[in-house]
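Enquirer: Pasting a structure here, questions to come.
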Amino acid sequence: GAMAAAGLGLVLLLMAGPSPGGGAGCGRDSLREELLLTPLPAGDVAATFQFRTRWDAELQRGTVSHYRLFPKALGRLVSALGVKELHLALTQGFWRTQMWGQPPLQAPAGAELWVWFQPTVTDVDKAWKELSNILSGIFCASLNFIDSTNTVTPTASFKPLGLANGTDHHLLRYAVLPREVVCTENLTPWKKLLPCGSKAGLAVLLKAERLFHSSYHSQAVHIRPICRDASCLAVSWELRQTLTVVFDSFSSGQGKKDWSLFRMFSRTLTDACPLASESKVYVDISPKNKEKELLEVTPAPTSVHEAIVQGEKRTYAVYDLLSPSLFNTSRSLNVQLKWARPQDSSEMPTPILHAQRYVGGYGLQTGQICTLIHNTHPYRAFPVILLETVPWYLRLYVHTLTIITKGKENKPSYIHYQPAQDRRRPHLLEMLIQLPANSITKVTIQFERALLKWTEYPPDPNHGFYVSSSVLSALVPSVIAMKDVDVEQSPLFTSLFPSSDGSSYFVRLYTEPLLVNLPTPDFSMPYNVICLTCTVVAVCYGSFYNLLTRTFHVEEPSRGGLAKRLANIIRKFRGVPPL
């Protein structure tokens, strides 16, 4: 009887669900998943997945022991190492801002990691090293190569995206591994962190074979503290898992670039994640031509939503996977988009802020890094923060720094420079530059290439050495007056960088990574030396050894000629003794 009562009590406790408070139990948690499909101006298609897990719990106190939707591996990591914010991105390819427009969430090529630590952390460098090693194991990436030679502490570029009482930049660490190659082994652990994995919901579309057969692929993890309610008396933790992929244009004859979910992912949607409180598919059907015709999507969407996003008016066709009427007509959802007419390439809109970067100069001794920053706004000037991280083996000459706008010198209003130390830390250069309206600003700085020790070269030294992307952070003025965004109706990425006012929106852009050749010794020379040495040793030593060890015997000349030899041979056959 007592055992039956105890068993019944346990069943009732499990049926009651998680406790509303923190402590040893689990706070209220929720999952929202969405897919944003955006036809790009060049004809390609961008698909952005976002999975937001929100948890009302106090992770920093270390008393949470029950995890439901929030991944335990990341929760224990935040609690043990005193992490306030964590942002990790693994990217293959480069987002072409000039062709594709402003991205929802951009990341540099390779691996990017930046973390804010709690003020209670005494040794930030030790926690940073331990954190990068743990993340390397979780995501099967080479983050363990992050050390002091590629880690910097920016002062102005990376402010906290969540709740922050103070912004002591000594608690911030930022590193990029531009050579990191992203592939299936990184995607699989990323999918395992999702509450439904890749078994249900939008994650069914995450088929590695299709995702990596694309022009651009970026997966990210963002952890930050946010307000639990409007009063902001309590803190909730938000985990955002985002994945952005750009597919090449699918031409279907007559120049029309039509596409569907099945053509992109080789799969269709059958249901929502059972643990999700919201599951939506957004399709950007904003007009792409002068006639202002909306793009045609089938089947008919659940609703249509309009919003001002990144300074542009967008119209979204919304498919709510939790709506019972969506799967009435068919068992699966295969969103298809058809262009009314082929798009003229001359109609491509130019983003207000975009940049390029390249290496100038000739030879293997000196060179210069050139960055072109474009402001195409017709009448508004705005400032931009430029962050440059350059490895120590490119020795910058700061006195050669020049900033030219419209043929005139443009002096930065703020500059922070931390010189490199050989084999210890990289160069860090941060500047606040004013960009006049409708202008191109050219930033150049000269450098000298260092000669490395022969053991410091990688296995393929002639491939070159990577320099991480520059980072541009700016509040870009909007051409259209921006309204207050309805967070619950708009796509999720609009709430990651909230706008401070209605006249501008925040943009963070990354330039191309650079590939620089360094003076490289001829690593085939040891092979040549070995071959030559072995040949000389074999010939010379062999001859001397022969002379020293061979014994010589003097043979007396034989008497008798040919006739005597023939006679002896005959006598031998006859059995007679020789002469």
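The values are calculated or read from the model by the stated rules, or taken from the named source; none is laboratory data. Since this is a predicted model, take the numbers as computed values, not measurements. Using ideal geometry, Cβ is built from the backbone for each residue, glycine included, and neighbour counts are taken over all protein chains shown. Accessible surface is based on the protein model in full, side chains and every heavy atom, while ligands, DNA and RNA are left aside. Shrake-Rupley method; radii C 1.70, N 1.55, O 1.52, S 1.80 Å.
Enquirer: Within region 39-53, count every residue that is more than 14 Å from LEU243 (Cβ to Cβ) and not small (Gly, Ala, Ser).
Expert: Count: 6.
Enquirer: Give region 97-120 a look and list any residue that's in contact (Cβ under 8 Å) with a residue 60 or more places away in the chain and either under 21 Å from LYS159 (Cβ atoms) or charged (D, E, K, R) (or both), or say none.
Expert: Scanning region 97-120 gives GLN102, PRO103, PRO104, LEU105, GLN106, ALA107, PRO108, GLU112, LEU113, TRP114.
Enquirer: Then there is this: Only one of LYS191, LYS207 is open to solvent by 30 Å² or more (accessible area, probe 1.4 Å) and at pLDDT below 90; which?
Expert: Going through LYS191, LYS207 in turn, just one is open to solvent by 30 Å² or more (accessible area, probe 1.4 Å) and at pLDDT below 90: LYS207.
Enquirer: Do you know which residues across region 121-152 are of a type in the set (S, T, N, Q), surrounded by 17 or more Cβ atoms within 10 Å (Cβ to Cβ) and over 18 Å from the mean Cα position of the chain (by Cα)?
Expert: Correct list: THR149 only.
Residue-by-condition table, conditions (1) more than 19 Å from GLY82 (Cα to Cα); (2) assigned to a loop (DSSP other than H, G, I, E, B); (3) outside the structural domain of ARG423 (by the TED database); (4) touching a residue at least 40 places away in the same chain (Cβ under 8 Å):
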{"residue": "THR122", "(1), (2), (3), (4)": "no, yes, yes, no"}
{"residue": "ASN133", "(1), (2), (3), (4)": "no, no, yes, no"}
{"residue": "THR155", "(1), (2), (3), (4)": "yes, yes, yes, yes"}
{"residue": "LYS159", "(1), (2), (3), (4)": "no, yes, yes, no"}
{"residue": "GLY162", "(1), (2), (3), (4)": "no, yes, yes, yes"}
{"residue": "HIS170", "(1), (2), (3), (4)": "no, no, yes, yes"}
{"residue": "ARG173", "(1), (2), (3), (4)": "no, no, yes, yes"}
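Enquirer: Residue pairs, Cβ under 7 Å, 6 or more apart or interchain, first in region 58-81 and at pLDDT 75 or above, second open to solvent by less than 50 Å² (accessible area, probe 1.4 Å) and among the polar types (S, T, N, Q). List them.
Expert: LEU69/THR53; PHE70/THR53
Enquirer: Among the residues in region 202-220, are any without any contact (Cβ under 8 Å) to a residue 60 or more places away in the chain, farther than 20 Å from TRP95 by Cα and touching a Lys or Arg at 6+ places or on another chain (Cβ under 6 Å)? Talk me through it step by step, then tell me what you get.
Expert: Filtering region 202-220 down to residues without any contact (Cβ under 8 Å) to a residue 60 or more places away in the chain leaves 208-211, 213.
Subsequent filtering for residues that are farther than 20 Å from TRP95 by Cα retains 209.
If we keep only those that are touching a Lys or Arg at 6+ places or on another chain (Cβ under 6 Å) as well, we get none.
No, because not a single residue in region 202-220 is without any contact (Cβ under 8 Å) to a residue 60 or more places away in the chain, farther than 20 Å from TRP95 by Cα and touching a Lys or Arg at 6+ places or on another chain (Cβ under 6 Å).
Enquirer: Tell me the residue from GLN446, GLN434 that is assigned to a strand (DSSP E or B) and over 21 Å from VAL476 (Cα atoms), please.
Expert: Among GLN446, GLN434, only GLN446 is assigned to a strand (DSSP E or B) and over 21 Å from VAL476 (Cα atoms).
Enquirer: State all residues of region 296-317 that are touching a residue at least 60 places away in the same chain (Cβ under 8 Å) and either closer than 18 Å to LEU202 by Cα or in contact with a strand residue (DSSP E or B) (Cβ under 6 Å, 6 or more places away or on another chain) (or both); if no residue qualifies, say none.
Expert: As a first pass, look at region 296-317 and keep what is touching a residue at least 60 places away in the same chain (Cβ under 8 Å): 305, 307-313, 316.
HIS305, ALA307, GLN310, GLY311, TYR316 - these are the residues of region 296-317 that are touching a residue at least 60 places away in the same chain (Cβ under 8 Å) and either closer than 18 Å to LEU202 by Cα or in contact with a strand residue (DSSP E or B) (Cβ under 6 Å, 6 or more places away or on another chain) (or both).
Enquirer: Which of the residues spanning region 310-336 are closer than 22 Å to PRO41 by Cβ and either out of contact with any Asp or Glu (no Cβ under 9 Å at 6 or more places or on another chain) or open to solvent by 30 Å² or more (accessible area, probe 1.4 Å) (or both)?
Expert: Of everything in region 310-336, those that are closer than 22 Å to PRO41 by Cβ and either out of contact with any Asp or Glu (no Cβ under 9 Å at 6 or more places or on another chain) or open to solvent by 30 Å² or more (accessible area, probe 1.4 Å) (or both) turn out to be GLN310, GLY311, GLU312, LYS313, ARG314, VAL335, GLN336.
Enquirer: Working only within region 415-424, note down all residues that are farther than 19 Å from ILE369 by Cα and touching a residue at least 60 places away in the same chain (Cβ under 8 Å).
Expert: Residues satisfying the conditions are ARG423, ARG424.
Enquirer: Additional query: Which residues, taken from region 417-443, are crowded, with 17+ Cβ neighbours inside 10 Å and either over 19 Å from PHE382 (Cα atoms) or in the same structural domain as ALA156 (by the TED database) (or both)?
Expert: Of everything in region 417-443, those that are crowded, with 17+ Cβ neighbours inside 10 Å and either over 19 Å from PHE382 (Cα atoms) or in the same structural domain as ALA156 (by the TED database) (or both) turn out to be ALA420, ARG425, PRO426, HIS427, LEU428, LEU429.
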